[in-house]
Amino acid sequence: MIILGLESSADKLGVGIISDEGKILANLRKTYKPPRGSGVLPRDASEHHAKNIPELIKDAFEEAELHPREIDLIAFTKGCGMGPCLRVAAVAARTLSSQLRKPLIGVNHQVGHIEIGRLVTGFDDPVVLYVSGGNTQIIAYTEGRYRVFGETLDIPIGNCLDVFGREAGLSDRNAPMGRVVELLAEKTDEYIPLPYVVKGMDLSFSGILTATLKHLKNGIPVEVLANSLQETVFAMLTEVTERALSHTRKDEILVTGGVAANTRLKEMLNQMASEHGAKFAGLPAPLAIDNGVMIAWAGYLMWTTGQRPKPEDYLVDQHFRVEDVEVTWRSNSHKKRTPAVKSS
Ligand code: AMP
Ligand code: MG
């Protein structure tokens, strides 16, 4: 079976093709870049996606050396995401489905990230830290569903780093803002205290961002702020992930999403994982960043375990939650780690 996946939930347009054996045949992406100094407006990003999607689909089939009629299933991101952006992949998927007479399935974006992560790392039952421009969630599987154990109460982590970078006047056309902030942070070990906001299992980044921008106005060097911001927000993420790991007694941690490219974040998570005797893995960037392959693979898992769309499933849902998906492709009998007993 060959599956086509279309993803356009935010600033990236992704087209992926995968086989039912998990062989990636194409993984193409085009990113909408807003004008310098401004953020991503959904309408502008959706126009970019609509303009580029026919060509990108064509290129993906060329790369996979397949004729469109050779695919067996079309998967698209149903949500969550920005409405106008989501609709581009959904409309393209519906059009292709009727032209080619191939079935269609709508996929939850987070399920896509998790399942491509499990496929690529070989992890069976990880605690997943999903950190991107639009999301910050700690997710784990229990009793037939992926559950959100903790999440941001306001802005996502990637957005926090991006706004800081923009306000500091940083820019690089060839690298994401988070990477620019990371490179600056590597220049110093100097740290100034910033608010550390973990509320139960949830996180808040907007107060930290405001405090950081205030320090910036007051003349604190930008690299000191970059370092302090990273150390603070990554420690918060590591703390909540650690608690989810302890609570669920799982023994694998997976980090995914665009911010997962950050070396310092991976270092902190890796250290925490090893203190718990847990395994840790990140994903290679082409599969950690939003992509069509993850949607194709999750769509395949749904389809092959009997899920069939109802009429409303052909529509997008901006607020589609990961817990709303019944995970039909995993058995419920997952082993739990015996908690490590610390010798005194
Ligand atoms: P996504 O929403 O998954 O496509 O990821 C995009 C987000 O990842 C943006 O907020 C980027 O600034 C951020 N990002 C990309 N590379 C890095 C990095 N090396 N460190 C931190 N954040 C990053
Ligand atoms: Mg994403």
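The values are calculated or read from the model by the stated rules, or taken from the named source; none is laboratory data. Please read all numbers here as calculations on a predicted model, not as lab measurements. Every residue, glycine as well, gets a Cβ built from its backbone with ideal geometry; the counts of neighbours run over all protein chains shown.
List every residue pair whose Cβ atoms sit under 7 Å apart, with the two residues 6 or more apart in sequence or on different chains, where the first one lies in the range 32-46 and is assigned to a loop (DSSP other than H, G, I, E, B) and the second, anywhere, is hydroxyl-bearing (Ser, Thr, Tyr).
Note: pairs meeting the criteria are Arg36/Ser171; Val40/Tyr32.
Going through Gly282, Gly258, Gly306, Gly292 one at a time, which residue ends up being within 16 Å of ligand 2 (Cβ to nearest atom) and outside the structural domain of Gly150 (by TED's automatic domain parsing)?
Among Gly282, Gly258, Gly306, Gly292, only Gly292 is within 16 Å of ligand 2 (Cβ to nearest atom) and outside the structural domain of Gly150 (by TED's automatic domain parsing).
Among the residues of the range 155-172, write down those that are more than 16 Å from ligand 2 (Cβ to nearest atom), part of a loop (DSSP other than H, G, I, E, B) and either within 15 Å of Ser206 (Cα to Cα) or of a type outside the set (A, V, I, L, M) (or both).
Gly169, Ser171, Asp172
May I ask you to list the residues in the range 57-98 that are within 20 Å of Gly133 (Cβ to Cβ) and either part of a helix (DSSP H, G or I) or touching a Cys at 6+ places or on another chain (Cβ under 6 Å) (or both)?
Gly83, Pro84, Cys85, Leu86, Arg87, Val88, Ala89
Looking at (1) touching a strand residue (DSSP E or B) at 6+ places or on another chain (Cβ under 8 Å); (2) modelled with pLDDT of 95 or more; (3) surrounded by fewer than 20 Cβ atoms within 10 Å (Cβ to Cβ); (4) not hydrophobic (A, V, I, L, M, F, W, C), which is the one condition that is false for Lys250?
Condition not satisfied by Lys250: (3).
Output the number of residues of the range 237-247 satisfying the condition of being surrounded by 22 or more Cβ atoms within 10 Å (Cβ to Cβ) and within 22 Å of Leu287 (Cα to Cα).
2
Condition first: under 30 Å from Asp251 (Cα atoms), touching a Ser or Thr at 6+ places or on another chain (Cβ under 8 Å) and of a type in the set (Ser, Thr, Tyr). Can you find one or more residues in the range 110-126 that meet it?
no
Matching residues to (1) among the aliphatic types (A, V, I, L, M); (2) crowded, with 16+ Cβ neighbours inside 10 Å:
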| site | (1), (2) |
| --- | --- |
| Thr142 | no, no |
| Leu153 | yes, no |
| Pro176 | no, yes |
| Leu203 | yes, yes |
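Looking at the range 139-148, can you tell me whether even one residue there is over 20 Å from His48 (Cα atoms) and polar (S, T, N, Q)?
Yes.
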